[in-house]
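One structure below.
The values are calculated or read from the model by the stated rules, or taken from the named source; none is laboratory data. On a predicted model such as this, the values are computed, not experimentally measured, just so you know. Positions of Cβ are backbone-derived with ideal geometry, glycine not excepted, and every protein chain shown enters the neighbour counts.
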Amino acid sequence: MPSDLKNVTERQCLFVQRKPPKESYFGLAPFVDIRSLPEIGRCSTSSLALMLAIEPRIIRSKALSCHAPENGAIPAENPETTIHMAETEGSPRKGLNLRLLEIFAAVVHANGMTGAATALGLTQSAVSQAIANLETSVNARLIDRGTRPLKLTLLGDIIYRRTIEILDRVQDLDRAIELQLNNAIPMLRLGVADSVASTAGPHLVRNLDRLAAQFMIWSGASEASVRSLAERKVDFILTAEEAPPEAEFVSIPIFEEPYVLVLPIELSEPHYTLETLIAAAPFIRYGNQSFIGLAVDAYLQRNGVMPPNRYRLDTSDSVLAMVEASMGWTISTPLGILKTRIGSPRFHCLPLPSPAPTRRISLVARRAEGEALAMQIADAARNALVEHCLPGLKDIAPGAVFRSEFS
């Protein structure tokens, strides 16, 4: 490998040529100054691998040659420095490439070429030329230029939908490369059970601060579900979902807590049974889409009792507020109570009749994708729960058994 090319691949990837061929690689113009495309002229090694996987003609074409100055910088005053893809025989639809699709999607998102140009850091004429090149490639109009606001043609709408799928897959691939290499990643997306996010969440993020440049954390039943992970809406989940993950996922147990009776202060007798409680006051249910609600309903069915379905609320806050207002009693978890506990609540907790169910919080990740990172997240979550939440949980449910170590 020529030394100048070797240096380029070790530092940063530059696609440049002194004497460009007839077409530019990205189809923006016959000869595009690389300085007008900084986000494409300079790309990470993982992005290069991705680009080569999508457009292998970049390296297979004999007409392409790479040159870079010894200092790795692009000369400020060299109009011949260009970026392109050489012509090859047998190309499937000449001129169609990922960059054109990316610009097309940006135009649709921005509802016009001016907004897309601003978002991409390009000139409006470059964006307009890119759309024209894309339309030439498919031999059809994609945008109805006679309407305001922007409208897509029938084919344009079809291509736009496919383009979004392609760009999402490209992003997933780039993220998978970073996760597999166990590198610090630009963004970490976590789906976290609501009670964990509201109690241990800040401490968890502090423990993970160096793993990513940006964090996006979603809480709730759907966001912390295996389905959300399977659809790649998130990278990892901290979940209480009891359904066993499929073979493509790995589950790491983190923390286990018992379900407890939550009674208003008026019900102070410690020897209540489920039957006497049902007779004494209404049972307040969690929503049937929540993990707690499903687990509690299953527990009641196993014990052969089914309270009248009078009150059903979808959050711990609203369920416990009803108990505090002496509207009835419920079954919840210490973490759920800790999440909503302010001051001295007008309710108290008692153990459930044996055998009492437990709720386990687990870290679920895709198998063979960033498993080392998954272990770091699991350890950080466990430490946050044990160090910052466990003392409060023991105050809520004295004598209850909590687990944070698993064989």
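Some values worked out for this structure:
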{"quantity": "Selection from segment 167-194 of residues that are of a type outside the set (D, E, K, R), modelled with pLDDT of 90 or more and out of contact with any Phe, Trp or Tyr (no Cβ under 6 Å at 6 or more places or on another chain)", "calculated": "Val192, Ala193"}
{"quantity": "Meets criteria (more than 24 Å from the chain's Cα centre (by Cα) and hydrophobic (A, V, I, L, M, F, W, C)) for Ala105", "calculated": "no"}
{"quantity": "Test: residue in segment 207-214 that is polar (S, T, N, Q) and touching a Leu at 6+ places or on another chain (Cβ under 8 Å)", "calculated": "yes"}
{"quantity": "Those residues of segment 269-287 which are free of Cβ contacts under 8 Å to residues at least 60 places away in the same chain, surrounded by 12 or more Cβ atoms within 10 Å (Cβ to Cβ) and either on the phi > 0 side of the Ramachandran plot or not in a helix (DSSP H, G or I) (or both), in sequence order", "calculated": "Ala281, Pro282, Phe283, Ile284, Arg285, Tyr286, Gly287"}
{"quantity": "Test: Ala298 is among the hydrophobic types (A, V, I, L, M, F, W, C), exposed (fewer than 15 other Cβ atoms within 10 Å of the Cβ) and in a helix (DSSP H, G or I)", "calculated": "yes"}
{"quantity": "Qualifying residue in segment 186-207 (condition: surrounded by fewer than 16 Cβ atoms within 10 Å (Cβ to Cβ) and under 16 Å from the mean Cα position of the chain (by Cα))", "calculated": "yes"}
{"quantity": "Residues of segment 347-362 satisfying the condition of being polar (S, T, N, Q) and in a loop (DSSP other than H, G, I, E, B)", "calculated": "Ser354"}
{"quantity": "Hey, Phe283 in contact with a Gly (Cβ under 9 Å, 6 or more places away or on another chain), under 29 Å from Ala378 (Cβ atoms) and modelled with pLDDT of 85 or more or not", "calculated": "no"}
{"quantity": "Scope segment 144-161; condition part of a strand (DSSP E or B) and touching a Lys or Arg at 6+ places or on another chain (Cβ under 7 Å); matching residues", "calculated": "Asp144"}
{"quantity": "Any hit, segment 234-249, residues being in a helix (DSSP H, G or I), surrounded by 17 or more Cβ atoms within 10 Å (Cβ to Cβ) and within 15 Å of the chain's Cα centre (by Cα)", "calculated": "no"}
{"quantity": "Test: Ala365 is closer than 23 Å to Val250 by Cβ and in a strand (DSSP E or B)", "calculated": "yes"}
{"quantity": "Matching entry among Phe215, Phe255, Phe236 (being out of contact with any Cys (no Cβ under 7 Å at 6 or more places or on another chain), modelled with pLDDT of 90 or more and more than 18 Å from Lys339 (Cβ to Cβ))", "calculated": "Phe236"}
{"quantity": "Complete set of residues in segment 352-396 that are among the small types (Gly, Ala, Ser), farther than 17 Å from Leu229 by Cβ and modelled with pLDDT under 90", "calculated": "Ser354, Ala356, Ala372"}
{"quantity": "Odd one out for Leu338 among (1) closer than 27 Å to Asp209 by Cβ; (2) surrounded by 17 or more Cβ atoms within 10 Å (Cβ to Cβ); (3) touching a Phe, Trp or Tyr at 6+ places or on another chain (Cβ under 8 Å)", "calculated": "(3)"}
{"quantity": "Residues of segment 101-137 that turn out to be touching a residue at least 12 places away in the same chain (Cβ under 8 Å), surrounded by fewer than 15 Cβ atoms within 10 Å (Cβ to Cβ) and not polar (S, T, N, Q), as a count", "calculated": "2"}
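So that you can scan it fast, the table gives a plain yes or no per residue for (1) within 21 Å of Arg346 (Cα to Cα); (2) among the acidic types (Asp, Glu); (3) at pLDDT 90 or above:
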site	(1), (2), (3)
Ile292	no, no, no
Gly304	no, no, no
Asn309	no, no, no
Arg312	yes, no, no
Ser318	yes, no, yes
Trp329	yes, no, yes
Leu335	yes, no, yes
